[in-house]
Every structure is written in C-alpha cells, then in structure tokens.
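Quick notes on the structure that follows.
The values are calculated or read from the model by the stated rules, or taken from the named source; none is laboratory data. Remember, it's a predicted structure, so these values are computed and weren't measured experimentally. Here the Cβ positions follow ideal geometry from the backbone for every residue, glycine too, while neighbour counts run over all protein chains shown. Side chains are part of the model used for accessible areas, which takes the heavy atoms of the whole protein and leaves out ligands, DNA and RNA. Shrake-Rupley method; radii C 1.70, N 1.55, O 1.52, S 1.80 Å.
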Amino acid sequence: MSFPGSGLAKGLAVTLRTMTKRSVTAQYPDVQPDLPPRTRGVIGLFEENCTVCMLCARECPDWCIYIDSHKETVPPAAPGGRERSRNVLDRFAIDFALCMYCGICIEVCPFDALFWSPEFEYAETDIHELTHERDKLREWMWTVPEPPALDPAAEEPKELAAARKAADKLAAQQQAEAEAARAAEQESADQDRPDTPGEGT
C-alpha cells in the first residue's frame, strides 16, 4: 500500500542523492574518452578484401556509398589456360553527411572489407567535405580495435569445426595409408627372407 506523496518523496530522494554526488568532468580534448569496443564512429575500408561486388552500395538505405571500378584481364595461371577478368577498385567513398550509421554495409559485406572504427573526430566546416574517399577510409582501418576474445565455454564456429573434421579425416587417411605401406613392406621382407633349416635336420 502506497501513501499519498510517496512517489514525490522517492523522486526528491533521487534528486538529493544526485546533488550530493561529486560531479566528474571529462577533460576532452586533452584526455581522450574511453570508448566501448563496439563504438560506431566511422567506417574503415580494407580495400585488399574488396571485390567491387557493390553489395554494400546496393543495400545502403541512404545511398551514401559511391564505388567506381574497371575490369582488367588476368593472364592464365598455366599455359593453355583461359584469361580471366577481374574488377579493380578505382573509387570508394562514403558521404558521412548522409550516413545514418546503421551498419548494414558492414554486415552484408561478404569479404570483410568494411569495419567499424571508433574514430569520431572528423567534423568539417563544409558539409561537402564529409564525403571521405578511400585513402581516408584506409587510415581509419588501422584504428579498428581487435575483436574481443571468444568465450572459452562457447561452441566452436561451424567453419572451424568443419575444417578440423576434414583435417582429422585426412590425417586418419594418411596414417592408414602409412600403416598399410609398412605392413606391405614387412610382408615383402618376410617373403624375401630365406627359410632357415630347423635344428636336427
């Protein structure tokens, strides 16, 4: 059962506790803030992984990613092979004046070419200068923090489990082949060995 005015009393108690606490001032920019590891600052580009699939630009709800590319012919890897063509990245830019930091481009990238960087000091006096090209995105890539360590009790990723299973199967097959080869050599050696006459003959 609540008494009349009990809610007001609780609110005033919270206000009183807050007033009596010592305030903490963040000394920015002299002291950089301690940001959480999953801070959504800006988007870094690891262009070596980019295959110009255009998936990030197509899925972006703001259409703020601009990509230009051209095709190059790759000579055959072996004599008699066919020439192949591959996409070469010419431009990768993100307009951060339009970006709403939803992270869809990072999630849909199939080759891990885009990452969240905790950088946030990229304000400009002109809104047109908020379109950053791939050189700037590349610089932000080196500020991307390492991923957190996996939980020791977590399940092994399916990719690692499949790779480990295939490696164990290959190792078992190689071991079986080696044992079969040793058994064949032993059998061949036993057949080539001359019979020794028994004692008393």
Item to complete: Read phi for every residue in the range 156-166 and hand back ³J(HN,Hα) as whole Hz from Karplus 6.51 cos²θ - 1.76 cosθ + 1.60, θ = phi - 60°, with x for Gly and Pro.
Response: 5, x, 4, 5, 5, 5, 5, 5, 5, 5, 5
Practice prompt. Return the calculated 222 nm mean residue ellipticity for the chain, to the nearest 500 deg cm²/dmol, obtained by summing -39500 (n - 2.57) across DSSP H runs with n ≥ 4 and dividing by the residue count.
Written response: -11000 deg cm²/dmol
Worksheet item: When the chain is treated as a GNM, springs tying every alpha-carbon pair under 10 Å, which of GLY80, GLY103, GLY41 comes out with the largest mean-square fluctuation?
Response: GLY80
Practice prompt. Compute the Cα gyration tensor for the range 63-180, then decide on rounded, prolate or oblate, letting a ≥ b ≥ c be the square roots of its eigenvalues: rounded whenever a/c is under 1.5, prolate when a/b is larger than b/c in the other cases, and oblate in all that remain.
Written response: oblate
Fill in: Which of ARG40, ARG84, ARG22 is most accessible, then next, and so on - probe 1.4 Å
ARG22, ARG84, ARG40
Discussion item. Using Cα-Cα distances under 8 Å and only pairs 6 or more residues apart, what relative contact order does the chain have, in percent?
Written reply: 22 percent
Practice prompt. Just name one of PRO76, PRO148, GLN173: the one whose Cα is farthest towards the positive end of the charge dipole of the range 56-201 (beta-carbon charges, Lys/Arg +1, Asp/Glu -1).
Written response: PRO76
Worksheet item: Pick from ARG134, ARG164, ARG182: which is most flexible by mean-square fluctuation in a GNM of the chain where alpha carbon atoms under 10 Å apart are linked?
Response: ARG182
Worksheet, complete the sentence: Heavy-atom accessible area with a 1.4 angstrom probe orders CYS102, CYS56, most exposed first, as CYS102, CYS56
Worksheet item: For ILE43, which sequence-distant residues (separation of 5 or more, or a different chain) have an amide H within less than 5 Å of its own amide H, given hydrogens modelled in the peptide plane?
Response: SER117
Response to the item:
Order by accessible surface, 1.4 Å probe, largest leading, for residues MET54, MET19, MET141 comes to MET19, MET54, MET141
Worksheet entry | Accessible surface, per residue, of the chain when the full set of protein chains is kept, probe 1.4 Å, Å² | 80 Å²
Discussion item. Would the chain count as rounded, prolate or oblate if I go by the C-alpha gyration tensor, calling it rounded below 1.5 in a/c and otherwise prolate when a/b exceeds b/c, oblate otherwise?
Written reply: oblate
Worksheet entry | Residue-wise HN-Hα coupling along the range 125-139, computed from phi with Karplus coefficients 6.51, -1.76, 1.60 (Hz; x: Gly, Pro) | 7, 10, 5, 5, 7, 7, 8, 9, 7, 5, 5, 6, 5, 5, 4
Worksheet entry | Top of GLU133, GLU47, GLU83 by mean-square fluctuation, Gaussian network on the chain, Cα under 10 Å | GLU83
Worksheet, complete the sentence: With the label point 7 Å along the Cα-to-beta-carbon line of GLU159 and a cut-off under 17 Å to each amide N, the hits in the range 15-55 are 46-51
Item to complete: Place a +1 charge on the Cβ of each Lys and Arg in the chain and a -1 charge on the Cβ of each Asp and Glu, then give the dipole magnitude about the Cα centre in debye, rounded to the nearest 20.
Response: 1260 debye
Worksheet, complete the sentence: For the range 1-95, shape from the Cα gyration tensor axes a ≥ b ≥ c, cut at a/c of 1.5 then a/b versus b/c, turns out prolate
Worksheet entry | Crossing angle, helix 6-20 versus the chain [Cα axis fit, 0-90 degrees, rounded to tens] | 80 degrees
